[in-house]
């Protein structure tokens, strides 16, 4: 909306990770280099902790781009995996065919055989586990057992845990001491201080193509620092709204007035310095067209006057009369189930064709996975939802190995896949889609089936 106004090539403060906007200040760059060293040199389990919105996902994405080509990356975004599910997930990512109902010991043996083979080929396998603080205790124990997979001199599986500070509390428990002792490197992403925030804002603006003087006034930066508590996600939200406020107000400088408007519009940020501040009206006479755009972007605070007293509670609605259910919805429900099944059948067929023909170095977007192979209708329903959200039917494909999966698109590079991932509709992101290589989808015919 305001890109042309500021001479920007793209939005500078998106909250979705974009590796071109990785800020190496505030020790982020040094942490990345230390991570790369620890992983490449088989330094055991590595842990990165930080508050919500501190930049863990961005660091993870940049790490994936910077690792050498000899490293095979497995990214696990689902923290609720059970002890057995995480083994099946790894086998799935490595292309190991595991018969259904196989015991965990058989899956572990198949994993070890594949990892030994890859090590002999000069490959290294790295598992990046996001939201590790939410993992069940038994799954964390399985992580410890996976760390035991090694040759006489090298680890076969490098594990990297990303989590909130709750992960540290979990690992401090007595029954977690064996896992805790296997963690050789601990990194913490600390909140940005005011000086870092000033550099961060300027860096993001110029990375987006801005070439003018500093946009954010010193007093505005101070307010952003107070309200955001130094968390980069909050900084991005406040900076984006402040730019929009300045644009709507017809200026270029984001000062305290614009930042206060942004803070009022952000539920996470209410600081003592602002609680007693009498809110000024923030209605700008900017024309009907812009007001419509602002309304679409949920910028209600820019088009209404703040009131000193809360609005009255709405009256309790009169309950609707209870009517007897009719039989009409049943055919519709059956029809949806049939559509879901048909969509899944077509997607499985096109997925099998794609996986068989695509080059291993190509990338796809992993939209959805389900370990419950007894409920294919759920997979079909997600396919219908993805189509309704605007994704191309021909680019939506499915596969079944140890689990069902839905993939989207085909891309020549990780960067292209990430760019496409950023355009996935928000209503489909509740299952945390991610980019992955086609190689991880291809069955490994040289690996014996576990029995």
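Coordinate-derived values only; no laboratory data. Just so we're clear, the structure is a prediction, and the values are computed from it rather than from any experiment. Cβ atoms come from the backbone with ideal geometry, glycine included; neighbour counts cover every protein chain shown.
Counting neighbouring beta carbons within 10 Å and listing from fewest to most, the residues 176, 58 come out as 176, 58.
Going by a ≥ b ≥ c, the root eigenvalues of the Cα gyration tensor, does segment 104-211 fall in the rounded group (a/c under 1.5), the prolate group (a/b larger than b/c) or the oblate group? Judged from the Cα gyration tensor, segment 104-211 comes out oblate (a/c at least 1.5, b/c at or above a/b).
Answer rounded, prolate or oblate for segment 384-425, using the Cα gyration tensor with square roots of eigenvalues a ≥ b ≥ c: rounded when a/c is under 1.5, else prolate when a/b is larger than b/c, else oblate. Oblate is the answer for segment 384-425, as a/c is 1.5 or above yet b/c matches or exceeds a/b. Multiplying the residue separation of residue 339 and residue 359 by 0.36 nm and subtracting their alpha-carbon distance yields 4.1 nm. Given Cα pairs under 8 Å that are at least 6 residues apart, what percent is the relative contact order of segment 332-441? So the answer I get is 40 percent. On a per residue basis, the convex hull of the C-alpha atoms belonging to segment 27-189 measures out at 107 Å³. Shape analysis of segment 213-260 yields a ratio of the Cα radius of gyration to the Kirkwood radius, Rg/Rh, of 0.94. Taking a ≥ b ≥ c as the square roots of the Cα gyration tensor eigenvalues, with a/c under 1.5 meaning rounded and otherwise prolate when a/b beats b/c, else oblate, which class fits segment 42-92? Oblate, since a/c reaches 1.5 and b/c is not below a/b. Taking all Cα pairs closer than 8 Å and separated by 6 or more residues, the relative contact order of segment 1-99 comes to 22 percent.
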